[in-house]
1. Can you give me the number of residues within segment 55-86 that are more than 15 Å from Val122 (Cβ to Cβ) and either in a strand (DSSP E or B) or of a type in the set (Lys, Arg) (or both)?
2. Considering only residues that are touching a residue at least 24 places away in the same chain (Cβ under 8 Å) and either part of a strand (DSSP E or B) or among the small types (Gly, Ala, Ser) (or both), which ones fall in segment 87-113?
3. Restricting to segment 53-82, give me the number of residues that are of a type outside the set (A, V, I, L, M), within 19 Å of Asp115 (Cα to Cα) and exposed (fewer than 13 other Cβ atoms within 10 Å of the Cβ).
4. For segment 118-151, which residues satisfy the criterion of being among the aromatic types (Phe, Trp, Tyr) and over 21 Å from Ser55 (Cα atoms)?
5. Which of the residues spanning segment 109-135 are loosely packed, with under 14 Cβ neighbours inside 10 Å and of a type in the set (Asp, Glu)?
Amino acid sequence: MSPPKMPKSKTVLSTAASVAASSAMLMQKIAKDFIPKEVQAYLFSSFYSLIHRLSSEFTIVIEEFQGLTLNQVFEAADIYSGTKVTPSTQRVQLGKSEEEKSVTIRVDQDKEIVDVFHDVQVTWILIFRSYELSFHKKHKEKLLNSYLPYIRERPSRKKARQ
């Protein structure tokens, strides 16, 4: 009599992943059907808050509009992001207003660019009508006090040269 054959680890892992995915889908369906939307929103917010606290990353969001007026920090970030386009950048947006003498370049939607300021890596991404700047949270003060003012000054320096 020979010993029973053990299933291959690949088969076991595949089966376990399938069961886990099915269970997750079932739990999501149950939650959607039986848990009120307000409670779902609270749970999601709490989970996001917990993950954010555990993360070493800090994100600054720069919206295009502040109320009904154009956010000047967004305008400066828009100009600045165009200066960070590199030969490896595969997609950009071009534009020109009546007031501008030349075409402006900016990063395209959902495309990341990486900038380094005083040895701190900052990842930029344009999402719909806002820029998200992410970096290690230990550099928060340095970037808020030096990097953002630097970005805001760049457009005025550019205009002064023209």
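1. The qualifying residues number 5.
2. Thr104, Arg106, Val107, Ile113
3. Counting residues in segment 53-82 that are of a type outside the set (A, V, I, L, M), within 19 Å of Asp115 (Cα to Cα) and exposed (fewer than 13 other Cβ atoms within 10 Å of the Cβ) gives 2.
4. Across segment 118-151, the qualifying residues are Phe128, Tyr147, Tyr150.
5. Listed by number, the residues that qualify are Asp110, Glu112, Asp119.
Read the figures in this text as sums done on the coordinates, not as results from a lab. Computed from a predicted structure; not experimentally measured. Note that each Cβ is placed from the backbone with ideal geometry, even for glycine, and that neighbours are counted across all protein chains shown.
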